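The values are calculated or read from the model by the stated rules, or taken from the named source; none is laboratory data. Worth saying up front: this structure is predicted, and the values here are computed from it rather than measured. In this analysis, Cβ positions are derived from the backbone assuming ideal geometry, glycine residues included, and neighbour counts consider all displayed protein chains. Surface areas here come from the heavy atoms of the whole protein model, side chains and all, with no ligands, DNA or RNA. Shrake-Rupley method; radii C 1.70, N 1.55, O 1.52, S 1.80 Å.
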Amino acid sequence: MSGKSFLIKTFGCQMNDRDSEIMAQLLGEVGYVETSVTDQADLIILNTCSIRAKAEQKVMSLLGVLRKHKKKKPGLKICVAGCVAQQEGDRIIKKMPHVDLVVGTQNIYQLTDLLKDHEANSVATSLVADYVIPAFIPDFTKGKENKVLPVLFRKFLTIMQGCNNYCSYCVVPHTRGREVSRKVSHIIEEAHALVEAGIKEITLLGQNVNSYGQTNSVSDIKDKVTFAGLLREVAAIPGLKRLRFTTSNPKDLSDELMCCFAEVENLSPHFHLPVQSGSNKVLSAMHRKYTRELYLEKINTLRSYCPEIAITTDVIVGFPGENAEDFEETMSLLEEVHFHGSYSFKYSDRPGTRSADFSDKIDEKTKSERLQRFQSRQDEISLEQNKSYVDKVFPVMIEKNEGDSKVGRTGTNHLVHFADLDNSINPGDIVQARIVHAGQHSLQGKLHITNKDEI
Ligand code: SF4
(Lines give C-alpha, C1' and ligand atoms only; values in the text may rest on other atoms or scores of the structure.)
Protein backbone atom coordinates (compact mmCIF):
# COMPACT_ATOMS: atom_id res chain seq x y z
CA MET A 1 0.00 0.00 0.00
CA SER A 2 3.08 2.20 0.20
CA GLY A 3 3.17 5.37 -1.81
CA LYS A 4 -0.60 5.58 -1.96
CA SER A 5 -2.30 8.67 -0.64
CA PHE A 6 -5.38 9.12 1.50
CA LEU A 7 -7.75 11.91 2.40
CA ILE A 8 -10.01 11.86 5.45
CA LYS A 9 -12.99 14.21 5.67
CA THR A 10 -14.30 14.38 9.23
CA PHE A 11 -17.80 15.43 10.28
CA GLY A 12 -19.30 15.86 13.76
CA CYS A 13 -17.80 15.65 17.25
CA GLN A 14 -14.36 15.46 18.82
CA MET A 15 -14.76 11.70 19.04
CA ASN A 16 -14.78 11.60 15.23
CA ASP A 17 -11.76 13.94 15.08
CA ARG A 18 -9.96 11.53 17.33
CA ASP A 19 -11.01 8.47 15.28
CA SER A 20 -9.77 10.20 12.11
CA GLU A 21 -6.37 10.71 13.78
CA ILE A 22 -6.26 7.01 14.63
CA MET A 23 -7.18 5.98 11.06
CA ALA A 24 -4.58 8.41 9.64
CA GLN A 25 -1.87 6.92 11.84
CA LEU A 26 -2.84 3.33 10.99
CA LEU A 27 -2.69 4.18 7.26
CA GLY A 28 0.64 5.95 7.73
CA GLU A 29 2.01 2.81 9.39
CA VAL A 30 1.37 0.83 6.17
CA GLY A 31 2.90 3.46 3.88
CA TYR A 32 -0.03 5.69 2.97
CA VAL A 33 0.64 9.44 2.87
CA GLU A 34 -1.97 12.02 3.69
CA THR A 35 -3.16 14.50 1.07
CA SER A 36 -5.69 17.32 1.23
CA VAL A 37 -6.26 17.30 -2.57
CA THR A 38 -9.21 15.13 -3.62
CA ASP A 39 -7.79 14.43 -7.10
CA GLN A 40 -4.51 13.16 -5.63
CA ALA A 41 -6.17 10.72 -3.23
CA ASP A 42 -6.20 6.95 -3.88
CA LEU A 43 -8.38 6.47 -0.82
CA ILE A 44 -11.06 8.86 0.45
CA ILE A 45 -12.60 8.27 3.87
CA LEU A 46 -15.72 10.12 5.00
CA ASN A 47 -15.83 9.90 8.79
CA THR A 48 -19.47 10.68 9.35
CA CYS A 49 -21.88 12.06 11.97
CA SER A 50 -25.58 11.20 12.32
CA ILE A 51 -26.50 13.32 15.35
CA ARG A 52 -28.91 15.38 13.18
CA ALA A 53 -30.72 14.79 9.89
CA LYS A 54 -28.74 17.56 8.22
CA ALA A 55 -25.43 15.85 9.04
CA GLU A 56 -26.51 12.64 7.31
CA GLN A 57 -27.82 14.43 4.21
CA LYS A 58 -24.43 16.14 3.87
CA VAL A 59 -22.70 12.74 3.69
CA MET A 60 -25.09 11.37 1.06
CA SER A 61 -24.69 14.41 -1.20
CA LEU A 62 -20.90 14.23 -0.87
CA LEU A 63 -20.98 10.55 -1.84
CA GLY A 64 -22.91 11.62 -4.93
CA VAL A 65 -20.09 14.03 -5.84
CA LEU A 66 -17.46 11.34 -5.26
CA ARG A 67 -19.27 9.10 -7.76
CA LYS A 68 -18.05 11.50 -10.50
CA HIS A 69 -14.49 11.38 -9.15
CA LYS A 70 -14.56 7.61 -9.22
CA LYS A 71 -15.73 7.65 -12.85
CA LYS A 72 -12.61 9.71 -13.70
CA LYS A 73 -10.33 7.58 -11.44
CA PRO A 74 -11.65 3.96 -11.32
CA GLY A 75 -8.87 2.89 -8.90
CA LEU A 76 -10.09 5.35 -6.28
CA LYS A 77 -11.28 3.65 -3.08
CA ILE A 78 -14.17 5.26 -1.16
CA CYS A 79 -14.76 4.38 2.48
CA VAL A 80 -17.57 5.55 4.78
CA ALA A 81 -16.76 5.44 8.52
CA GLY A 82 -18.31 6.87 11.69
CA CYS A 83 -21.90 7.01 12.93
CA VAL A 84 -23.75 7.05 9.59
CA ALA A 85 -21.67 4.00 8.58
CA GLN A 86 -22.67 2.27 11.81
CA GLN A 87 -26.31 3.28 11.51
CA GLU A 88 -26.82 2.56 7.80
CA GLY A 89 -24.29 -0.26 7.18
CA ASP A 90 -25.01 -2.08 3.87
CA ARG A 91 -27.88 0.31 3.08
CA ILE A 92 -25.10 2.73 2.04
CA ILE A 93 -23.78 0.22 -0.49
CA LYS A 94 -27.31 -0.34 -1.84
CA LYS A 95 -27.84 3.42 -2.27
CA MET A 96 -24.23 4.14 -3.33
CA PRO A 97 -22.71 1.04 -4.98
CA HIS A 98 -19.54 3.05 -5.80
CA VAL A 99 -18.67 2.94 -2.07
CA ASP A 100 -15.98 0.29 -1.49
CA LEU A 101 -15.92 -0.02 2.27
CA VAL A 102 -18.23 0.78 5.21
CA VAL A 103 -16.42 0.78 8.57
CA GLY A 104 -18.32 0.95 11.87
CA THR A 105 -17.34 2.87 15.03
CA GLN A 106 -15.84 -0.22 16.71
CA ASN A 107 -14.02 -1.35 13.54
CA ILE A 108 -11.64 1.52 12.76
CA TYR A 109 -8.64 -0.40 14.16
CA GLN A 110 -9.22 -3.04 11.44
CA LEU A 111 -9.13 -0.45 8.64
CA THR A 112 -5.82 -1.49 7.07
CA ASP A 113 -6.69 -5.20 7.24
CA LEU A 114 -10.07 -4.47 5.65
CA LEU A 115 -8.31 -2.52 2.89
CA LYS A 116 -5.66 -5.23 2.41
CA ASP A 117 -8.11 -8.10 1.88
CA HIS A 118 -10.55 -5.72 0.37
CA GLU A 119 -13.47 -7.30 -1.49
CA ALA A 120 -15.79 -4.93 -3.37
CA ASN A 121 -18.45 -3.29 -1.26
CA SER A 122 -17.48 -4.75 2.09
CA VAL A 123 -19.19 -3.73 5.31
CA ALA A 124 -17.66 -4.11 8.81
CA THR A 125 -20.05 -2.70 11.41
CA SER A 126 -20.09 -5.20 14.26
CA LEU A 127 -21.01 -3.56 17.60
CA VAL A 128 -20.12 -5.84 20.52
CA ALA A 129 -20.79 -5.28 24.25
CA ASP A 130 -17.46 -6.72 25.38
CA TYR A 131 -15.49 -4.54 22.99
CA VAL A 132 -12.04 -3.58 24.28
CA ILE A 133 -10.56 -0.37 22.93
CA PRO A 134 -7.04 -1.31 21.72
CA ALA A 135 -3.97 0.44 23.13
CA PHE A 136 -2.94 3.39 20.99
CA ILE A 137 0.10 5.63 21.27
CA PRO A 138 -0.16 8.60 18.93
CA ASP A 139 2.73 9.21 16.53
CA PHE A 140 2.03 12.56 14.94
CA THR A 141 4.55 11.99 12.16
CA LYS A 142 2.96 8.86 10.67
CA GLY A 143 1.32 9.45 7.28
CA LYS A 144 2.57 13.02 7.34
CA GLU A 145 5.80 12.51 5.42
CA ASN A 146 7.07 15.67 3.69
CA LYS A 147 4.48 17.67 5.57
CA VAL A 148 5.25 20.72 7.67
CA LEU A 149 3.65 19.68 10.93
CA PRO A 150 1.72 22.36 12.81
CA VAL A 151 2.95 23.09 16.37
CA LEU A 152 0.92 20.63 18.41
CA PHE A 153 0.21 21.78 21.93
CA ARG A 154 -3.14 20.27 22.76
CA LYS A 155 -4.79 16.94 22.12
CA PHE A 156 -7.94 14.98 22.73
CA LEU A 157 -7.46 11.68 24.54
CA THR A 158 -10.35 9.21 24.33
CA ILE A 159 -10.98 7.46 27.65
CA MET A 160 -14.16 5.64 26.71
CA GLN A 161 -16.65 5.00 23.93
CA GLY A 162 -20.41 4.50 23.77
CA CYS A 163 -23.17 5.34 26.23
CA ASN A 164 -25.67 3.42 28.37
CA ASN A 165 -28.09 6.29 28.96
CA TYR A 166 -30.35 5.83 25.94
CA CYS A 167 -31.75 9.36 26.00
CA SER A 168 -34.85 8.99 23.86
CA TYR A 169 -33.64 11.36 21.07
CA CYS A 170 -30.02 10.24 20.84
CA VAL A 171 -28.36 7.98 18.27
CA VAL A 172 -25.10 7.54 20.16
CA PRO A 173 -25.94 4.31 22.03
CA HIS A 174 -27.13 2.89 18.68
CA THR A 175 -24.07 4.03 16.70
CA ARG A 176 -21.32 3.80 19.30
CA GLY A 177 -22.68 0.93 21.42
CA ARG A 178 -22.65 0.48 25.18
CA GLU A 179 -20.10 2.22 27.39
CA VAL A 180 -16.60 0.80 27.08
CA SER A 181 -13.86 2.33 29.23
CA ARG A 182 -10.23 2.18 28.09
CA LYS A 183 -7.71 0.55 30.41
CA VAL A 184 -6.23 2.99 32.91
CA SER A 185 -2.69 1.91 31.96
CA HIS A 186 -3.39 2.66 28.27
CA ILE A 187 -4.72 6.13 29.12
CA ILE A 188 -1.81 7.02 31.41
CA GLU A 189 0.72 5.66 28.90
CA GLU A 190 -0.83 7.74 26.11
CA ALA A 191 -1.00 10.86 28.30
CA HIS A 192 2.70 10.52 29.15
CA ALA A 193 3.52 10.07 25.44
CA LEU A 194 1.54 13.22 24.61
CA VAL A 195 3.31 15.34 27.25
CA GLU A 196 6.70 13.96 26.17
CA ALA A 197 5.80 14.97 22.60
CA GLY A 198 5.31 18.55 23.81
CA ILE A 199 1.55 18.57 24.40
CA LYS A 200 0.64 21.13 27.08
CA GLU A 201 -3.14 20.63 27.19
CA ILE A 202 -5.08 17.37 27.18
CA THR A 203 -8.87 17.02 26.89
CA LEU A 204 -10.21 13.69 28.15
CA LEU A 205 -12.95 12.56 25.79
CA GLY A 206 -16.02 10.39 26.08
CA GLN A 207 -19.75 10.54 25.50
CA ASN A 208 -20.32 10.41 29.27
CA VAL A 209 -16.93 10.64 31.01
CA ASN A 210 -18.60 10.78 34.45
CA SER A 211 -19.32 7.06 34.30
CA TYR A 212 -15.78 6.09 33.31
CA GLY A 213 -14.82 2.65 34.68
CA GLN A 214 -18.26 2.15 36.17
CA THR A 215 -20.02 0.02 33.63
CA ASN A 216 -17.85 -2.42 31.73
CA SER A 217 -15.32 -5.04 32.69
CA VAL A 218 -12.06 -3.25 32.12
CA SER A 219 -9.62 -6.07 32.79
CA ASP A 220 -6.94 -4.00 34.51
CA ILE A 221 -9.37 -2.10 36.72
CA LYS A 222 -9.13 -4.28 39.81
CA ASP A 223 -10.67 -1.65 42.08
CA LYS A 224 -13.32 0.58 40.60
CA VAL A 225 -11.48 3.65 39.33
CA THR A 226 -13.75 6.65 39.18
CA PHE A 227 -13.42 9.39 36.61
CA ALA A 228 -12.28 11.77 39.36
CA GLY A 229 -9.53 9.29 40.29
CA LEU A 230 -8.39 9.01 36.68
CA LEU A 231 -8.48 12.80 36.30
CA ARG A 232 -6.16 13.28 39.27
CA GLU A 233 -3.73 10.67 37.89
CA VAL A 234 -3.53 12.38 34.49
CA ALA A 235 -3.30 15.83 36.10
CA ALA A 236 -0.27 14.70 38.11
CA ILE A 237 1.80 14.07 34.96
CA PRO A 238 4.76 16.51 35.16
CA GLY A 239 4.70 19.11 32.36
CA LEU A 240 0.95 18.96 31.73
CA LYS A 241 -0.17 22.59 31.95
CA ARG A 242 -3.90 22.21 31.39
CA LEU A 243 -6.43 19.43 31.67
CA ARG A 244 -10.01 19.51 30.36
CA PHE A 245 -12.70 16.92 29.75
CA THR A 246 -15.95 16.53 27.78
CA THR A 247 -18.84 15.40 27.86
CA SER A 248 -20.80 14.82 31.06
CA ASN A 249 -24.32 13.71 31.89
CA PRO A 250 -25.52 15.67 34.97
CA LYS A 251 -27.06 12.57 36.53
CA ASP A 252 -23.61 11.00 37.02
CA LEU A 253 -21.89 14.19 38.19
CA SER A 254 -20.38 13.29 41.58
CA ASP A 255 -19.23 15.55 44.40
CA GLU A 256 -15.89 13.72 44.13
CA LEU A 257 -15.54 15.08 40.60
CA MET A 258 -16.81 18.58 41.38
CA CYS A 259 -14.33 19.10 44.23
CA CYS A 260 -11.49 18.48 41.75
CA PHE A 261 -12.17 22.03 40.53
CA ALA A 262 -11.10 23.30 43.95
CA GLU A 263 -8.12 20.98 44.38
CA VAL A 264 -6.53 20.10 41.01
CA GLU A 265 -4.42 23.10 40.01
CA ASN A 266 -4.11 22.41 36.26
CA LEU A 267 -7.79 21.45 35.81
CA SER A 268 -9.20 24.28 33.67
CA PRO A 269 -12.17 26.12 35.26
CA HIS A 270 -14.65 25.33 32.48
CA PHE A 271 -17.44 22.75 32.62
CA HIS A 272 -19.64 21.78 29.67
CA LEU A 273 -22.79 20.30 31.27
CA PRO A 274 -25.58 19.60 28.74
CA VAL A 275 -29.02 20.24 30.26
CA GLN A 276 -31.13 19.95 27.05
CA SER A 277 -34.31 21.40 28.64
CA GLY A 278 -35.47 23.35 31.71
CA SER A 279 -38.78 21.50 31.94
CA ASN A 280 -39.05 18.38 34.12
CA LYS A 281 -41.82 17.05 31.87
CA VAL A 282 -39.57 17.31 28.82
CA LEU A 283 -36.49 15.99 30.70
CA SER A 284 -38.50 12.94 31.66
CA ALA A 285 -39.69 12.41 28.04
CA MET A 286 -36.05 12.75 26.95
CA HIS A 287 -35.15 10.04 29.51
CA ARG A 288 -32.43 12.31 30.93
CA LYS A 289 -32.86 10.87 34.43
CA TYR A 290 -32.42 14.14 36.32
CA THR A 291 -34.67 17.06 37.19
CA ARG A 292 -34.25 20.79 36.78
CA GLU A 293 -33.81 21.04 40.55
CA LEU A 294 -31.01 18.44 40.62
CA TYR A 295 -29.28 20.19 37.72
CA LEU A 296 -29.39 23.54 39.55
CA GLU A 297 -28.06 21.89 42.69
CA LYS A 298 -25.04 20.58 40.76
CA ILE A 299 -24.42 24.02 39.24
CA ASN A 300 -24.50 25.63 42.69
CA THR A 301 -22.13 23.02 44.10
CA LEU A 302 -19.72 23.50 41.18
CA ARG A 303 -19.76 27.26 41.74
CA SER A 304 -19.19 26.77 45.47
CA TYR A 305 -16.03 24.77 44.72
CA CYS A 306 -14.87 27.08 41.93
CA PRO A 307 -16.60 30.50 41.82
CA GLU A 308 -14.83 31.56 38.60
CA ILE A 309 -15.85 28.39 36.70
CA ALA A 310 -17.37 29.01 33.23
CA ILE A 311 -20.40 26.84 32.53
CA THR A 312 -21.65 26.00 29.06
CA THR A 313 -24.42 23.67 27.96
CA ASP A 314 -26.46 22.01 25.18
CA VAL A 315 -30.17 22.70 24.67
CA ILE A 316 -32.75 21.13 22.37
CA VAL A 317 -35.87 23.18 21.58
CA GLY A 318 -39.07 21.80 20.07
CA PHE A 319 -38.86 18.31 21.58
CA PRO A 320 -42.10 16.38 20.95
CA GLY A 321 -44.72 17.52 23.45
CA GLU A 322 -42.83 20.68 24.47
CA ASN A 323 -45.54 23.30 24.98
CA ALA A 324 -45.10 27.06 25.53
CA GLU A 325 -44.86 26.66 29.33
CA ASP A 326 -42.17 24.00 28.97
CA PHE A 327 -40.17 26.29 26.73
CA GLU A 328 -40.54 29.13 29.26
CA GLU A 329 -38.93 26.74 31.76
CA THR A 330 -35.91 26.45 29.48
CA MET A 331 -35.76 30.23 29.13
CA SER A 332 -35.99 30.72 32.90
CA LEU A 333 -33.25 28.12 33.46
CA LEU A 334 -31.03 30.13 31.10
CA GLU A 335 -31.69 33.19 33.28
CA GLU A 336 -31.06 31.30 36.50
CA VAL A 337 -27.77 29.66 35.47
CA HIS A 338 -26.58 32.48 33.18
CA PHE A 339 -24.58 30.08 31.01
CA HIS A 340 -21.37 31.54 29.55
CA GLY A 341 -22.38 29.92 26.27
CA SER A 342 -24.46 27.12 24.78
CA TYR A 343 -25.01 24.96 21.72
CA SER A 344 -28.70 24.93 20.93
CA PHE A 345 -30.54 22.98 18.28
CA LYS A 346 -34.03 22.29 16.95
CA TYR A 347 -35.19 18.77 17.71
CA SER A 348 -35.06 16.37 14.74
CA ASP A 349 -36.14 12.73 14.54
CA ARG A 350 -33.18 10.31 14.35
CA PRO A 351 -33.46 6.78 12.98
CA GLY A 352 -33.76 4.09 15.64
CA THR A 353 -34.47 6.50 18.52
CA ARG A 354 -37.62 6.21 20.70
CA SER A 355 -38.61 9.86 20.33
CA ALA A 356 -38.85 9.44 16.57
CA ASP A 357 -42.10 7.56 17.28
CA PHE A 358 -43.41 10.09 19.80
CA SER A 359 -46.60 11.94 18.86
CA ASP A 360 -47.17 15.67 19.32
CA LYS A 361 -44.29 16.81 17.12
CA ILE A 362 -43.65 20.57 17.08
CA ASP A 363 -43.94 22.41 13.76
CA GLU A 364 -40.79 23.85 12.16
CA LYS A 365 -41.94 27.48 12.51
CA THR A 366 -42.44 27.16 16.26
CA LYS A 367 -39.11 25.36 16.63
CA SER A 368 -37.33 28.14 14.71
CA GLU A 369 -38.98 30.88 16.79
CA ARG A 370 -37.99 29.16 20.04
CA LEU A 371 -34.43 28.58 18.85
CA GLN A 372 -34.08 32.17 17.71
CA ARG A 373 -35.41 33.48 21.03
CA PHE A 374 -33.14 31.20 23.07
CA GLN A 375 -30.05 32.06 21.05
CA SER A 376 -30.56 35.82 21.11
CA ARG A 377 -31.03 35.80 24.88
CA GLN A 378 -27.94 33.58 25.23
CA ASP A 379 -25.94 36.04 23.14
CA GLU A 380 -26.96 38.89 25.46
CA ILE A 381 -25.92 36.86 28.50
CA SER A 382 -22.61 35.78 26.93
CA LEU A 383 -21.75 39.42 26.26
CA GLU A 384 -22.69 40.33 29.83
CA GLN A 385 -20.51 37.48 31.17
CA ASN A 386 -17.62 38.47 28.87
CA LYS A 387 -17.79 42.10 30.02
CA SER A 388 -17.11 40.91 33.58
CA TYR A 389 -13.61 39.83 32.40
CA VAL A 390 -12.58 43.34 31.27
CA ASP A 391 -9.69 44.90 33.20
CA LYS A 392 -8.84 41.57 34.81
CA VAL A 393 -5.68 39.51 34.23
CA PHE A 394 -5.86 35.84 33.16
CA PRO A 395 -3.41 33.11 32.11
CA VAL A 396 -3.93 32.58 28.38
CA MET A 397 -2.56 29.61 26.42
CA ILE A 398 -1.48 30.86 23.01
CA GLU A 399 -3.02 28.94 20.11
CA LYS A 400 -1.74 30.92 17.14
CA ASN A 401 0.85 33.67 16.62
CA GLU A 402 1.04 34.10 12.86
CA GLY A 403 0.64 37.41 11.03
CA ASP A 404 -2.64 39.02 12.11
CA SER A 405 -3.83 35.86 13.80
CA LYS A 406 -2.62 36.19 17.38
CA VAL A 407 -5.04 34.28 19.55
CA GLY A 408 -5.15 32.26 22.74
CA ARG A 409 -7.58 30.74 25.20
CA THR A 410 -8.22 31.26 28.90
CA GLY A 411 -8.76 28.40 31.31
CA THR A 412 -12.47 29.30 31.17
CA ASN A 413 -12.32 28.47 27.43
CA HIS A 414 -12.67 32.09 26.24
CA LEU A 415 -10.89 33.01 23.02
CA VAL A 416 -8.57 36.01 23.50
CA HIS A 417 -7.33 38.00 20.49
CA PHE A 418 -4.13 40.02 20.74
CA ALA A 419 -3.20 43.02 18.59
CA ASP A 420 0.48 42.40 19.40
CA LEU A 421 2.39 39.34 20.48
CA ASP A 422 6.14 38.98 20.68
CA ASN A 423 7.36 36.55 17.96
CA SER A 424 9.17 34.52 20.58
CA ILE A 425 5.81 33.44 21.98
CA ASN A 426 4.67 30.11 20.57
CA PRO A 427 1.48 28.03 20.54
CA GLY A 428 1.26 26.21 23.86
CA ASP A 429 2.96 29.02 25.79
CA ILE A 430 0.99 30.51 28.64
CA VAL A 431 1.10 34.29 29.06
CA GLN A 432 -0.59 36.65 31.50
CA ALA A 433 -3.07 38.86 29.64
CA ARG A 434 -5.13 41.84 30.74
CA ILE A 435 -8.57 41.81 29.07
CA VAL A 436 -9.19 45.19 27.45
CA HIS A 437 -12.41 44.53 25.50
CA ALA A 438 -15.26 42.02 25.48
CA GLY A 439 -17.21 40.87 22.45
CA GLN A 440 -20.04 38.37 22.17
CA HIS A 441 -17.90 35.38 21.32
CA SER A 442 -14.36 36.43 22.26
CA LEU A 443 -12.21 38.86 24.25
CA GLN A 444 -9.41 41.30 23.37
CA GLY A 445 -6.25 41.02 25.47
CA LYS A 446 -2.94 42.79 26.06
CA LEU A 447 0.16 41.03 27.37
CA HIS A 448 0.39 41.69 31.11
CA ILE A 449 3.37 39.58 32.13
CA THR A 450 5.36 37.76 29.46
CA ASN A 451 6.64 35.16 31.90
CA LYS A 452 5.74 32.32 29.56
CA ASP A 453 5.95 29.51 32.06
CA GLU A 454 3.77 31.07 34.71
CA ILE A 455 0.28 29.48 34.79
S1 SF4 B 1 -25.99 10.82 27.62
FE2 SF4 B 1 -25.45 11.90 25.74
S3 SF4 B 1 -24.51 10.40 24.41
FE4 SF4 B 1 -25.60 9.30 26.03
S5 SF4 B 1 -27.59 8.83 25.16
FE6 SF4 B 1 -27.79 10.75 26.31
S7 SF4 B 1 -27.41 12.39 24.81
FE8 SF4 B 1 -26.68 10.46 23.93
Seminar exercise, completed: Sole miss for Arg434 among (1) out of contact with any Lys or Arg (no Cβ under 9 Å at 6 or more places or on another chain); (2) in contact (Cβ under 8 Å) with a residue 40 or more places away in the chain is condition (1)
For this session: Please specify each residue of segment 399-417 satisfying the condition of being without any contact (Cβ under 8 Å) to a residue 40 or more places away in the chain, farther than 22 Å from Phe261 by Cα and assigned to a strand (DSSP E or B).
Result: Lys400, Asn401, Glu402, Ser405, Lys406, Val407, Val416, His417
Problem set entry | Residues satisfying the stated conditions in segment 45-89, i.e. free of Cβ contacts under 8 Å to residues at least 24 places away in the same chain and among the polar types (S, T, N, Q) | Gln57, Ser61
For this session: Considering only residues that are under 18 Å from Phe327 (Cα atoms) and of a type in the set (Gly, Ala, Ser), look in segment 356-397 and name the one that is surrounded by the fewest Cβ atoms within 10 Å (Cβ to Cβ).
Result: Ser359
For this session: Please tell me if Val59 is among the hydrophobic types (A, V, I, L, M, F, W, C), open to solvent by less than 10 Å² (accessible area, probe 1.4 Å) and within 30 Å of Gly352 (Cα to Cα).
Result: yes
Problem set entry | For Tyr295: the one exception among (1) at pLDDT below 95; (2) open to solvent by less than 30 Å² (accessible area, probe 1.4 Å); (3) within 16 Å of the ligand (Cβ to nearest atom) | (1)
Exercise. Is it true that Ser348 is of a type in the set (Gly, Ala, Ser), open to solvent by 10 Å² or more (accessible area, probe 1.4 Å) and at pLDDT below 95?
Worked result: yes
Problem set entry | Unmet requirement for Glu190, which otherwise passes all of (1) open to solvent by less than 20 Å² (accessible area, probe 1.4 Å); (2) part of a loop (DSSP other than H, G, I, E, B) | (2)
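Given the criteria touching a Pro at 6+ places or on another chain (Cβ under 7 Å), within 16 Å of the ligand (Cβ to nearest atom), open to solvent by 10 Å² or more (accessible area, probe 1.4 Å) and outside any helix (DSSP H, G or I), does Cys163 qualify? Can you show your working first?
Values: touching a Pro at 6+ places or on another chain (Cβ under 7 Å): yes; within 16 Å of the ligand (Cβ to nearest atom): yes; open to solvent by 10 Å² or more (accessible area, probe 1.4 Å): yes; outside any helix (DSSP H, G or I): yes.
Yes; evaluated as a whole, the condition is true for this residue.
What number of residues in segment 230-253 are among the small types (Gly, Ala, Ser) and under 28 Å from Glu293 (Cβ atoms)?
Qualifying residue count for the region: 1.
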